[in-house]
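Beneath this line is the structure, given in structure tokens, with notes to follow.
A short reminder: the numbers here are calculations on the coordinates, not readings from a lab. Owing to the predicted nature of the structure, the values given are computational and were not obtained by experimental measurement. Note that we place each Cβ from the backbone using ideal geometry, even for glycine, and neighbour counts take in every protein chain shown.
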Amino acid sequence: MERILRLGTRGSPLALTQAHMVKRALEAAHGWPDTVIEIVPVKTSGDRIQDRPLAEVGGKALWTKELDLALDDRRIDFAVHSMKDVETIRPAEIVIAAMLPRADVRDRLIGAESIDAIRKDGRVGTSSPRRSAQLRRLRPDLEIVLFRGNVDTRLSRLNLGEADATLLAAAGLDRLGRADVGVPIPIETMLPAPAQGAVGIEARRDDFEVREWLAAIDDAATSASVHAERALLARLGADCGSPVAALAIPAESGMRLQAQILSPDGSESVEDAALIGTPEDATTLAAALLERASATLRAHFSG
């Protein structure tokens, strides 16, 4: 192997950890030495802008556009992403080429033993519309405080007393060696974000050599589940400000897809599940959710 492959990633500790996961997986799959893949950190707008919700400053594209540009300019050969941070509609020139095996999909609560145990009228730090809506539905008395930034930033703000509790993805904590931080929330209590726990790798659509190398590390079950959850998002017309939860789990004849849409204040929620054969079948469940939703709730979606 004479070619040096450049792997683009955000520069946060979690993003770099995930980039190294991809690097090791490719080296193991192809028998490459550790000199073949060069990790190239790319500063994204989402890393720079921390004081406003994503929906106010450009949405999930803040996590991807600089990496997309680096791909297009051929400064990198492929890019690693947390799939829950990747916008549903991607540039035609870019393809999701592989996904690593999915990790724990649950959220973890830090600062209290359970949602019920958070003090009355307590403050919970999060920037996620989905988590905010689910919390408000479960505990209308809670105040939501905007928490953005990497894991250390959020935990530091919690320790400074800016909130009584916060929520973080279990997968990210585990990958950072913090499996002992927080209490897992059952998916029956809080259904996770679409694609939560999944690491994806994107490449240029016309770079067939790189795509073939990446295919060797693709986990088929994870890819099918995440593509189903993303198909549901697309049919809903959801954006980064739309509170949506979804989880597809492999079943004997396909997948069991469970999904929930909520109003931002948690006052309305529609939830359902269906057995689907292909990721594209997720659109039927999305249409059923919208059909059952009130006009007020549907207004948060463009599907």
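Computed over Cα pairs, the Kirkwood radius of the range 232-298 leads via Stokes-Einstein (1.002 mPa s, 20 °C) to a diffusion coefficient of 177 µm² per second. Computed over the chain with a Gaussian network model linking Cα atoms closer than 10 Å, the most mobile of A273, A221, A28 is A28. Note on T222, T153: ascending count of other Cβ atoms within 10 Å places them as T153, T222, the fewest first. When each of D73, D272 is scored by the number of other beta-carbon atoms lying within 10 Å, the sequence from fewest to most is D73, D272.
If you wrap the chain in the convex hull of its Cα atoms and look at it from every side, the mean projected area works out to 15.4 nm².
Across all directions, the shadow cast by the convex hull of the range 187-239 built on its C-alpha atoms averages 4.9 square nanometres. Net length available on complete extension from E291 to I4 is 98.2 nm, with 0.36 nm assigned per residue and the Cα-Cα distance removed. Each peptide in 156-163, 127-134 gets a packing score, the mean of other Cβ atoms within 10 Å over its residues, and the list from highest to lowest is 127-134, 156-163.
Around the amide H of E143, modelled in the peptide plane, lie the amide H atoms of G122, R123, V124, all under 5 Å away and 5 or more residues distant in sequence or on another chain. Taking square-rooted eigenvalues a ≥ b ≥ c of the alpha carbon gyration tensor, is the range 107-184 rounded, prolate or oblate, where a/c under 1.5 means rounded and, failing that, a/b exceeding b/c means prolate? In terms of gyration-tensor shape, prolate.
Helical content of the chain, expressed as a calculated mean residue ellipticity at 222 nm, amounts to -9500 deg cm²/dmol (DSSP H runs of 4 or more residues, -39,500 (n - 2.57) each, divided by residue number, nearest 500). Ranked by how many other Cβ atoms sit within 10 Å of their own Cβ, fewest first, the residues F78, F301 fall in the order F301, F78. Close amide H pairs (under 5 Å, H built 1.01 Å from N) link G11 with V42, T44, residues at least 5 positions away or on another chain.
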